[in-house]
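Laboratory data are not the source of any read-out in this text; all were calculated from the coordinates shown. Worth saying up front: this structure is predicted, and the values here are computed from it rather than measured. Glycine gets a Cβ as well: all are built from the backbone with ideal geometry, and neighbour counts include every protein chain shown.
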Amino acid sequence: MRVFLTGATGFIGSRIVPELLAAGHPVLGLTRSDAGAAALIAAGAEPWRGDIEDLDSLRAGAAASDAVIHTAFDHDFSNFVANCEKDRRAIETLGGALKGSDRPLLITSGVGMGGGGHGRLAVESVFDRSHPNPRIATEEAGEILKVEGVDVRVVRLPQVHDPVRQGLITWLVDIARDKGVSAYVGEGASRWSAAHVLDVARLYRLALDRGERNARYNAVAEEGVSAREIAEALGAGLNLPVVSLSPEEAAAHFGWMSIFAGLDMTASSAWTRERLGWIPEGPSLIADLKAMDYGV
């Protein structure tokens, strides 16, 4: 299958490219720059110029392909709500180009949409339509397309990591540097699920090759790593003290990250592993935090 991949030069997308090529799938990779085009050509993919706000480019790329994997997202959290709506429009456009066919559209969401919280693991069978996270727009768009006959498969992400980037934890590193302490909220008992980026890339490919129509998949290797463990690893790496903050103190310390800092985001991938035969093999989140070069 010729696959149109958005976010093809990004943290996850750039790892999906070799996975698809190795499985025999030609890749049409969305990029907005000459450097991105050169990187895609070097990797063996075909560049497609545009971005997630260029809806004509998205529509044409999807129409020219046998499947679409959408990983692009604007991670400017100062405009998070607007960027979630931007993602909604991109998904509507990509799905519109696939209507009337069996060509699958794989979209990217977060494990929190699986109805966890309060110590319960988020699962693939649940879509929490009342979830307060604005990223719910992603799956809302997907649900509408399903009704319209599009094969929409959802890959839900935890904290995706390697020794350079770790999802939301990347911003925790910056905050710790700025504040001079590595902090967690309360007892630090809230937990975040996680997976290594190469395992996640492989899951996208499996969801394409073996996935079921309109299914959801949790890309989770570790069901939950505690906030205290994460803070202690960052403190050790940055040579900073580790402190506990009250919920009231957390808002001032973490800024926009305060909405996530004390949030429990645990998730199971038992169903995903069973259906796709996915077995995570990469290092743990804490291992990658310990391996990170904090001097960069």
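Evaluated at 10 °C with a viscosity of 1.306 mPa s, what Stokes-Einstein diffusion coefficient in µm²/s does region 51-142 have when Rh comes from the Kirkwood expression over alpha-carbon pairs?
In µm²/s, the coefficient rounds to 113.
Sequence gap at least 6, Cα distance under 8 Å: using those rules, report the relative contact order of region 13-66 to the nearest whole percent. Don't skip to the answer; put the middle values down first.
Details: 54 pairs, mean separation 15.6, N = 54.
Value for region 13-66: 29 percent.
On alpha carbon coordinates alone, what is the Rg over Rh value for region 226-290, Rh being the Kirkwood radius?
Details: Rg = 15.7 Å, Rh = 14.4 Å.
Dividing the radius of gyration by the Kirkwood radius yields 1.09.
Given the C-alpha atoms of region 118-227, compute the convex hull and give its volume per residue in Å³.
Working: hull volume 13.8 nm³, N = 110.
Hull volume over Cα atoms, normalised by residue count, gives 126 Å³.
Would you please put 91-102, 219-230 in order of how densely packed they are, using the mean number of other Cβ atoms within 10 angstrom per residue and starting with the highest? Display every interim value, and only then the final one.
Working: 91-102: 18.3, 219-230: 22.6.
Ranking the peptides 91-102, 219-230 by packing returns 219-230, 91-102.
In whole Hz, with x marking every Gly and Pro, tabulate ³J(HN,Hα) for region 32-47 from phi via Karplus 6.51 cos²θ - 1.76 cosθ + 1.60, θ = phi - 60°.
With the stated coefficients, region 32-47 comes to 10, 9, 5, 5, x, 4, 5, 5, 5, 4, 4, 7, x, 9, 9, x Hz.
Using only Cα atoms, tell me the angle between helix 80-98 and the longest principal axis of the chain; keep it within 0 to 90° and round to the nearest 10.
Computed tilt is about 20 degrees.
Please state the relative contact order of the chain as a whole percent: Cα pairs under 8 Å, 6+ residues apart? Kindly include the intermediate steps, with their values, before the conclusion.
Details: 616 pairs, mean separation 53.4, N = 296.
Relative CO of the chain lands at 18 percent.
Among S78, S246, S284, whose mean-square fluctuation peaks in a Gaussian network model of the chain (Cα, cutoff 10 Å)?
S78
Could you list which residues have their amide H under 5 Å from that of A215, counting only those 5 or more apart in sequence or on another chain, with H placed in the peptide plane?
Those lying under 5 Å, H to H, from A215 are V154.
Calculate one ³J(HN,Hα) per residue across region 51-65 by plugging θ = phi - 60° into the Karplus curve 6.51 cos²θ - 1.76 cosθ + 1.60, and present them in order as whole Hz with x for glycine and proline.
8, 6, 9, 8, 5, 5, 5, 4, 4, 5, x, 5, 5, 8, 10
Starting at 0 and stepping by 10 Å, how many percent of the alpha carbon pairs of the chain end up in each bin?
Computed distribution, short to long bins: 7, 28, 36, 22, 7, 0.
Which whole-Hz couplings ³J(HN,Hα) result when phi for each residue of region 159-168 is put into the Karplus expression 6.51 cos²θ - 1.76 cosθ + 1.60, θ = phi - 60°, listed in order with x for Gly and Pro?
7, 8, 9, 8, x, 10, 10, 8, x, 5
Over the Cα atoms, compute the radius of gyration (one decimal) and Dmax (the largest Cα-Cα distance, rounded to a whole number) for region 120-171, in Å.
13.8, 41
Suppose only helical runs count, i.e. DSSP H with n ≥ 4. What mean residue ellipticity at 222 nm does that imply for the chain under -39500 (n - 2.57) per run, divided by all residues and rounded to the nearest 500 deg cm²/dmol?
Working: 12 runs with 122 residues, N = 296.
Roughly -12000 deg cm²/dmol at 222 nm, from the helical runs in the chain.
Treating only the Cα positions of region 1-85 as identical point scatterers, give the base-10 log of I(q)/I(0) from the Debye formula at each q in 0.12, 0.20, 0.25 Å⁻¹.
Here the Debye-derived log intensity ratios amount to -0.32, -0.85, -1.22.
Give me the percent of Cα-Cα pairs in region 71-120 that sit more than 18 Å apart, rounded to a whole number. Please list the in-between numbers first.
Values: 578 of 1225 pairs.
So the portion of pairs separated by more than 18 Å is 47 percent.
Pairs of Cα atoms under 8 Å, at least six residues apart: use those to get the relative contact order of region 1-155, whole percent.
Details: 285 pairs, mean separation 31.6, N = 155.
Value for region 1-155: 20 percent.
Of all alpha-carbon pairs in region 180-222, indicate the percentage at a distance above 12 angstrom.
On the way: 635 of 903 pairs.
That tail contains 70 percent of the Cα-Cα pairs.
Give me, ordered by chain and number, the residues 5 or more places off A267 or on other chains with an amide H under 5 Å from its own placed amide H.
For A267, the qualifying residues are A122, S193.
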